[in-house]
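These notes concern the structure reproduced below.
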Amino acid sequence: MNILKLIKDNNQDNVIDIAKTTAIVWNEIDNIIKDDFNLLGTAINSVTEKSKANQEEFLSKNINTKLKDYIFDLVEFYGKLHFFPNEPVLSKFTQLGLKKSELKFFIHINEIIDAINAVNKSESVRLKYNSTLKLLATHFKLKIINTMQLHLNMSGSKKSGTIYNEAHNALFDFYRRQDYYQKVGSSPNDEFSIEMRRILSSVEIYGEPAEVSRKKMLLNAQGKTEKDILRELLNECTFHKCSESEFYITLFAFFKLIMPDSALLSEDEFYENDFSSSYNADYKRYKYLKLKSIIKSTSI
């Protein structure tokens, strides 16, 4: 939420002292963030205890990779443990056939909290703790599901150089069948279609155009959460009182951490890279334009 823009938009009659009002509002926002942080401890203790139990179950479970349904165990435990990586857990995933590059979504929750803390120490950007972590849980699970499908070569189609996993293909086929039945004035009543309608109705946003919703769902099925979940994170979990460029620059390190598949460059990598000239050899300019191009948020 752009606080400065909100205050200016509500000051059409020029009766508000913008600087004074901004300071008052920002102080209230800091109090909200402090309260949010104080609630975080209880939530972290709860998920940490659950993680310990999940880790014990995972490390003791005999997972037979020769059975077709072993992928469900991998998805389940990867999804439960990705906030709490340690050597025994990572070692077992490696033994089960996963490559190091496929384990990149194991990011410790403390590392994420430290990154949020760094944002909240800035002069003009604030990031909520609890709602951010909830959205990140969904973000990572979608990434993990896609990673596991590609790990098993569950990629039924390829178009314009892009490999689409089976989840994407099943959803695409469902939409295509739905369009056909609507044209003939009917509705598919098979078990899969009924369940898909139930799932989609629970996640689609009320009043959102169907075409927009479809694009989001297809991207999420492919593990591409940047245009939906991460955009929602920007819109719903942030406050700022600065320019768009400063906003993205301040959040860059946080997003670099939570998007290990995005190839966002560190400062050293940027200057070593041949295309640094495209950004006038300006790392701040790169951070702003690169992150904006990935998220393409239009309503922050």
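The values are calculated or read from the model by the stated rules, or taken from the named source; none is laboratory data. Computed from a prediction, not measured in an experiment: that's the story for all the values here. A quick note on method: Cβ atoms are made from the backbone with ideal geometry, for glycine too, and the neighbour counts reach across all protein chains shown.
Numbers below:
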item	result
Close pairs from region 250-263: first within 18 Å of Lys141 (Cα to Cα), partner of a type in the set (D, E, K, R) and loosely packed, with under 15 Cβ neighbours inside 10 Å, Cβ under 6 Å, at least 6 apart	Pro260/Lys104
Among the residues listed as Val89, Val75, the single one being of a type in the set (Val, Ile, Thr), at pLDDT 95 or above and touching a helix residue (DSSP H, G or I) at 6+ places or on another chain (Cβ under 7 Å)	Val89
Residue under evaluation Ala118, criteria (1) part of a helix (DSSP H, G or I); (2) touching a strand residue (DSSP E or B) at 6+ places or on another chain (Cβ under 7 Å), criterion not met	(2)
Criterion: farther than 30 Å from Ser245 by Cα and at pLDDT 95 or above - qualifying residue of Phe192, Phe84, Phe174	Phe84
Lone unmet requirement of (1) surrounded by fewer than 11 Cβ atoms within 10 Å (Cβ to Cβ); (2) assigned to a helix (DSSP H, G or I) for Ile44	(1)
Counted residues, region 63-99 - those being more than 24 Å from Ile44 (Cβ to Cβ) and not charged (D, E, K, R)	14
Of residues in region 243-265 being aliphatic (A, V, I, L, M) and under 14 Å from the mean Cα position of the chain (by Cα), the one farthest from Glu102 (Cα to Cα)	Leu251
